[in-house]
1. Quick one: 3J(HN,Hα) in Hz for the range 222-235, Karplus 6.51/-1.76/1.60 with θ = phi - 60°, rounded, Gly and Pro as x.
2. Using a 10 angstrom cutoff on alpha carbons, build the Gaussian network for the chain and name the most mobile of PRO20, PRO87, PRO139.
3. Residues in the range 253-272, backbone N under 16 Å from the label point at LYS23 (7 Å along the Cα-to-beta-carbon vector): list them, ranges by number please.
4. Could you calculate the FRET efficiency of ASP240 with ASP166 from 1/(1 + (r/R0)^6), where r is the beta carbon distance between them and R0 is 30 Å, rounded to 0.05?
5. Scan the chain and hand back the longest stretch that contains none of the trypsin sites (Lys or Arg not before Pro) lying in DSSP loops with at most 15 other Cβ atoms within 10 Å.
6. Using modelled backbone amide H atoms (1.01 Å from N, in-plane), which distant-in-sequence or interchain residues come within less than 5 Å of VAL95's amide H?
7. So between SER51 and ASN202, what do we pick up on full extension, going 0.36 nm a residue minus the alpha carbon distance?
8. Rounded to a whole number, what % of the accessible area of the range 22-270 do carbon and sulfur atoms account for, probe 1.4 Å?
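The values are calculated or read from the model by the stated rules, or taken from the named source; none is laboratory data. What you see is a predicted model; the values in this text were computed from it and never measured. Cβ: placed from backbone, ideal geometry, glycine included. Neighbour counts: every protein chain shown. All accessible areas refer to the heavy atoms of the entire protein, side chains included, with ligands and DNA or RNA removed. Shrake-Rupley method; radii C 1.70, N 1.55, O 1.52, S 1.80 Å.
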Amino acid sequence: MSVNHAAPGAPATSKGSGIPGVKHVVAVASGKGGVGKSTTSCNLALGFAASGLKVGILDADIYGPSQQKLFGLRGKPRMLGPRLLEPLERFGIKVMSIGFLVEENNAMIWRGAMVISAITQMLREVAWNDLDILVVDLPPGTGDAQLTMAQQTPLAGAVIVSTPQDLALIDAQRGIEMFRKVNVPILGLIENMSSFCCPACNHITPIFGHGGARDEAERRGIPFLGEIPLDISIRETSDDGRPIVATDPDSVHARRYIAIARQLWQSITTGAATKPAPRIVIE
Ligand code: ADP
């Protein structure tokens, strides 16, 4: 048995040149689709803005872009020069999504090199203009696009979104391992749909069991950022383009997203997450 600090001597953040006009880039990832990664990314971006930060969001989920829907945005970004796109803006957040540029069905058939080149362009050839933080909503899973992004972008860190089900946690573990391999700090794990909140009586039911993600985070020595319940108000506001943190910032759920964003900002700016916890390796 040996104690191993992830990739000793390696830089704490991933490689690649900085994104013009962006101070910090945070990737939001999940092991599989449908766990609420995009909803969480959107509300976290708004949570950062609630603290007075200048925020952008890049929808890199090329197979199923949804930030245009979450932000209630339509229309196409303008070209500001031969290669520079102007992001759209809503609720004070600059938004860029492949969903603005191609029909949803076309996006689904993109693969391999095209995906990577599209993500790189949307990251680097956009007039982000002076952002404190850019939230990147990654495609689900741990394929080439995610790996390239993790390797080529100077990420401040990654946030993993998981549901409490075991299967999702196994998938989430793959995501954690991928970021560790390329020396991207894991800023923490968020458990989404952690329990069901009945809209009629406010009774909370842990439909998928409870505490799985917190235990998994503890076991792996990564911060547990918090739980977001499965709640109709989150679903309705998201699907209507009125995200809860923007439209009902004092609600209990919005306050959770805002609290997680604050915690994340603190760990990004103090570098707390750049020191991975020692890992026990059985040999
Ligand atoms: P992913 O990006 O992981 O594929 P989405 O963010 O698109 O997942 O969410 C999938 C669906 O679940 C959407 O309809 C969304 O509104 C809903 N959803 C996400 N998080 C919650 C939540 N905490 N409570 C209720 N519905 C949610």
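1. 10, x, 9, 8, x, 10, 10, x, 7, 9, 4, 5, 6, 5
2. Maximum fluctuation in the GNM of the chain, among the listed residues, is at PRO20.
3. 261-272
4. Numbers: r = 32 Å, r/R0 = 1.06.
For ASP240 and ASP166, the calculated efficiency is 0.40.
5. On the way: sites that count: LYS15, ARG74, ARG78, ARG83, ARG111.
Here the longest run is 112-283.
6. Sorted by chain and number, the residues that satisfy this are ILE57, LEU88, GLU89, ARG90.
7. Working: separation 151, 0.36 × 151 = 54.36 nm, distance 2.84 nm.
The span from SER51 to ASN202 would gain 51.5 nm if fully extended.
8. Numbers: 5380 of 10460 Å².
The nonpolar share, carbon plus sulfur, comes to 51 percent.
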